[in-house]
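*Asks:* Questions regarding the structure given below will be posed in turn.
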Amino acid sequence: MISVSDALDHLFALANPLGSEEIPLIDAAGRVMVAPVRARRDQPPFAASAMDGYGTIDPTVGQKLEVIGEAAAGHRFDGEVTPGTCIRIFTGAPVPENITHVTIQENVTRDGDHITINDLGTGDNIRPAGGDFKDGQTISSPRRLTANDVALLAAMNIPTVTVARQPKVALISTGDELVMPGENPGPDQIIASNTFGLHAMLRNLGAMPRLLPIARDNEPSLRAVFDLVDDADLVITIGGASVGDHDLVAKVAGDLGMERAFYKVAMRPGKPLMSGRLGDAMMMGLPGNPVSAMVCGHVFVAPVVRAMQGLGHQPALRYSAQLAAPLVSNGPREHYMRADVTPEGLTAFERQDSSLLSVLGASNALLVRAPHDPPRSVGEKVDYIPL
């Protein structure tokens, strides 16, 4: 068995970036931008009013001014504002050059075409030209684009962005005991859940997952499903990666030319993990226990998919929190315990069996124990991966 860290190193060595493509900005949310962009204009492109009110020149309390025009968003005032005059102005409107202050409408009394200033308030209520960003200002890459990023790029007048190609991932569940959700399982069968959880995870990571048919526990069935992999960049099998009589993934993949990088990782849950290269695709064989597969998804699959999109070779982010309940000593394998983190601290669930998806569903963290970690007391800090 190898360590989790060594397994990640092997996986990153197999996870080649996939190239890039240019897409419309409207489709860019969630994609990884791999080329920096530069703003094509100042924002705002002119001094703009931050409030509805009156554009004035060095106003004073009690001053009476004549209203000589109006400025609104998209419609500037083209006349000249002189001492003793002002203009009605609305939020977002261009502010004439000699205006020094926008007096908000609540601070004036208007009578026909004249106003009297009752209060100056605080600040000039004018947004300076380029106060948000300047022409040529850069957004760096690589970065996964959020809705906020897309809004900023649109304001910068960027119509298209260069993004990493989305990894195509083929998901294969194996086992005679599996049926799809909605089907009627036989007395000895269960519902295939792992591929659905991993499919959701992969979509959230920006990949393009595809569920292939369930491969049964015989070589012809498994070969037939492998034949459907097509142009996948990553092939993920679930189950059949151990050493039992019905665990055929390693043998069939090897017969098909897989170059295996490693098998078995010193972790729990998730020990029977396998990886290598199958033709042009990277391959990962995950354990069949539902929680084991999902934990391996967080610890291994997610970093690999991020690396394929040019986000670097980084393990899953870890945070630390104080224990809200004690822990007994850990065994020889790195342990990823389902846990709940709250303002009071981090608590590992009592039941840690790798078949219990209900416990995983109630968890918002994986508490990470190092091999042979000693007993831990309430208040001690421990690492966790947020879920």
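The values are calculated or read from the model by the stated rules, or taken from the named source; none is laboratory data. Being a predicted model, the structure only gives us computed values, none of them experimental. Don't worry about glycine lacking a Cβ; one is built from the backbone with ideal geometry, like all the others, and counts go over all protein chains shown. Areas reflect the complete protein model, heavy atoms only, side chains present, ligands, DNA and RNA absent. Shrake-Rupley method; radii C 1.70, N 1.55, O 1.52, S 1.80 Å.
*Asks:* Amide H neighbours of LYS271 under 5 Å, counting only residues 5+ apart in sequence or on other chains, H built in-plane at 1.01 Å?
*Replies:* For LYS271, no residues qualify.
*Asks:* Taking the Cα centre of the chain as the origin and placing charges on Cβ (Lys, Arg +1; Asp, Glu -1), which of GLY257, PRO315, VAL34 is farthest toward the positive end of the dipole?
*Replies:* Towards the positive end, the residue furthest out is GLY257.
*Asks:* Please report the carbon-and-sulfur percent of the accessible area for the chain; probe 1.4 Å, protein heavy atoms only, DNA, RNA and ligands left out.
*Replies:* Numbers: 9140 of 18510 Å².
The nonpolar share, carbon plus sulfur, comes to 49 percent.
*Asks:* Continuing with this model, one more query. Kindly write out, for segment 362-372 in residue order, the coupling ³J(HN,Hα) from the Karplus curve 6.51 cos²θ - 1.76 cosθ + 1.60 (θ = phi - 60°), rounded to whole Hz, with x marking Gly and Pro.
*Replies:* Along segment 362-372, the couplings run 8, 8, 10, 7, 10, 6, 9, 10, 6, x, 6 Hz.
*Asks:* At 1.4 Å probe radius, can you tell me the per residue accessible area of segment 42-161 in Å²?
*Replies:* 52 Å²
*Asks:* Only bridges whose two residues both fall in the chain count here: according to DSSP, what percent of them are antiparallel, nearest 5?
*Replies:* Working: 56 of 81 bridges.
Among the beta bridges of the chain, antiparallel pairing accounts for roughly 70 percent.
*Asks:* I would also like to ask the following. So what are the ³J(HN,Hα) numbers for segment 63-74, from phi and the Karplus equation (6.51, -1.76, 1.60; θ = phi - 60°), rounded to whole Hz, Gly and Pro as x?
*Replies:* 5, 10, 10, 8, 8, 10, x, 8, 10, 10, 4, x
*Asks:* Using the Cα centre of segment 6-95 as the reference point, and only Cβ charges (+1 on K/R, -1 on D/E), how large is the resulting charge dipole? Debye, rounded to the nearest 20. Walk me through the numbers on the way to the answer.
*Replies:* Values: 7 positive and 12 negative charges, 50 e Å.
About 240 debye.
*Asks:* Which order do the peptides 183-192, 216-225 take when ranked by the mean count of other beta-carbon atoms within 10 Å per residue, highest first? Each step should come with its number before you reach the end.
*Replies:* Working: 183-192: 11.4, 216-225: 16.1.
The packing order, highest mean first, is 216-225, 183-192.
*Asks:* I've got another one for you. Can you tell me which of 113-120, 290-297, 44-51 comes out highest on packing, and rank the rest after it, using the mean Cβ neighbours within 10 Å?
*Replies:* Working: 113-120: 15.2, 290-297: 24.9, 44-51: 18.1.
Taking the mean over residues of other Cβ atoms within 10 Å, the ranking is 290-297, 44-51, 113-120.
*Asks:* Follow-up. For segment 25-35, take each phi angle, set θ = phi - 60°, evaluate the Karplus expression 6.51 cos²θ - 1.76 cosθ + 1.60, and give the result in whole Hz per residue in order, putting x for glycine and proline.
*Replies:* 4, 4, 9, 8, 4, x, 8, 9, 6, 10, 10
*Asks:* Rounded to the nearest 500 deg cm²/dmol, what is the calculated helix-only ellipticity per residue at 222 nm for the chain, with -39500 (n - 2.57) per DSSP H run of length n ≥ 4?
*Replies:* Numbers: 8 runs with 65 residues, N = 387.
Taken over the chain, the calculation gives -4500 deg cm²/dmol.
*Asks:* Another question about this same structure. Kindly identify segment 184-233 as rounded, prolate or oblate by the Cα gyration tensor criterion: order the square roots of the eigenvalues as a ≥ b ≥ c, call it rounded if a/c is under 1.5, otherwise compare a/b with b/c, prolate if a/b is larger, else oblate. Each step should come with its number before you reach the end.
*Replies:* Numbers: a/c = 3.75, a/b = 1.24, b/c = 3.02.
Judged from the Cα gyration tensor, segment 184-233 comes out oblate (a/c at least 1.5, b/c at or above a/b).
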